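First comes the structure, then the notes that go with it.
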Amino acid sequence: MSEKMWCRKCGAEVERGAKYCGWCGARVERKRRSRLLRVAGATILIALVLAVLALARPLMLLAPPAAEPSSGESTEAPDPAQTSQDIAFCSERTGNWEVYLMQPDGSNVRQLTSSPGYDGTPVWSPDKRHLAFTSNRDGNWEIYLVARDGSGLKRLTEHPADDAGPAWSPDGQQIAFSTDRDSNYEIYTMDGDGDDLRRLTDDPGTDSAPSWSPDGRWIAFNSDRSGNWEIYAMRPDGTDLRQLTSDPAEDWRPVWSPDGQKLAFSSRRDGNWEIYIMAADGSNLQRLTHHPAMDWRAVWSPDGEQLVFISERDGNREAYVMQADGSDLQRLTNDPGTDCGVDW
């Protein structure tokens, strides 16, 4: 193979075998040698890289793989409101009726409201971020909204008549409540911000204590329109009214189970206020509590496995919890003040 000679300085081609350029006098070089050197250098560099990778591979195999979220799995921290199991209730333990929160075992009691007026009947919004409650703090019974940490208090109703007993729709967009603003207690609904008021019932009797079914298709409530307190259900627009109970004694305050299959309520049909459950159509009546003292205002746990309620069985109104079949009764609160109005 012929070799060309090149001048280092001026780049001119010179005769073969010459050591110096005839043009500028500088020392010449062989182009092939330069190319060989470059190829050799690159080969050495590649060999070094491969050697490093070969040494690192065992260490890479020993290292645990990085965890990757599965399809659809969120990497964000869970929302405390969504995971909360707090029970809301009202109490006069400080000498005034206020709204409180506690853990399902009765621990970690926190006072949420502080007002000279009465704050009571708290109910959780479906997302557990807010509580709607009844208060006369402004001189009249109205419905208010507060965040779960006690901030952001907002008055939702403003009328000279009484507004009470709020109940959220399952999508959190509406609140049903009872009011006598038309000279008689009827069931109304409004948007979650207090707008778009709508009247659902129109009867000379008293209609109160609404409860929205989990699928949003029914509102249960109690009424004395037949001359006795019974439980009824209607569509959210007030149509398709159905009477679910029929007993000479009072049946009061229905509450839907989370699966929408049952209603819990209080009744004096056996001579004393006790907790009962029945199917959503009024069938399959079951008595859950058996005590001479008053047991009332039951609500379901979020999973439908338990019921929390108020009882005077220990001489004072306290909150208790039991399994949905009436077993495993446990006392949650123990304070000289009266506790009432629970919601889970």
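A compact table of results
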quantity	calculated
Flag if Asp314 is of a type outside the set (Phe, Trp, Tyr), surrounded by fewer than 18 Cβ atoms within 10 Å (Cβ to Cβ) and at pLDDT below 95	yes
Extreme residue, surrounded by the fewest Cβ atoms within 10 Å (Cβ to Cβ), among residues of the range 147-182 that are among the hydrophobic types (A, V, I, L, M, F, W, C) and touching an Asp or Glu at 6+ places or on another chain (Cβ under 9 Å)	Ala161
Some residue of the range 194-203 being touching a residue at least 24 places away in the same chain (Cβ under 8 Å), of a type in the set (A, V, I, L, M, F, W, C) and either surrounded by fewer than 17 Cβ atoms within 10 Å (Cβ to Cβ) or not in a loop (DSSP other than H, G, I, E, B) (or both)	no
Qualifying positions in the range 220-269 - closer than 18 Å to Thr206 by Cα and small (Gly, Ala, Ser)	Ala220, Ser223, Ser226, Gly227, Ala233, Gly238, Ser246, Ala249, Ser266, Ser267
Residue match in the range 223-246 (condition: buried (at least 23 other Cβ atoms within 10 Å of the Cβ), in contact with a Gly (Cβ under 9 Å, 6 or more places away or on another chain), modelled with pLDDT of 95 or more and in a loop (DSSP other than H, G, I, E, B))	yes
Of all residues in the range 131-189 being among the aromatic types (Phe, Trp, Tyr) and assigned to a strand (DSSP E or B), the one that is farthest from the chain's Cα centre (by Cα)	Tyr188
Lone unmet requirement of (1) over 27 Å from the mean Cα position of the chain (by Cα); (2) surrounded by 14 or more Cβ atoms within 10 Å (Cβ to Cβ); (3) not charged (D, E, K, R) for Gly271	(2)
Residue count, the range 204-221 (criterion: among the small types (Gly, Ala, Ser) and part of a strand (DSSP E or B))	4
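The values are calculated or read from the model by the stated rules, or taken from the named source; none is laboratory data. Treat the numbers as computed from the prediction; the structure is a model and nothing was measured. Because the Cβ atoms are built from the backbone with ideal geometry, glycine has one as well, and the counts that use them run over all protein chains shown.
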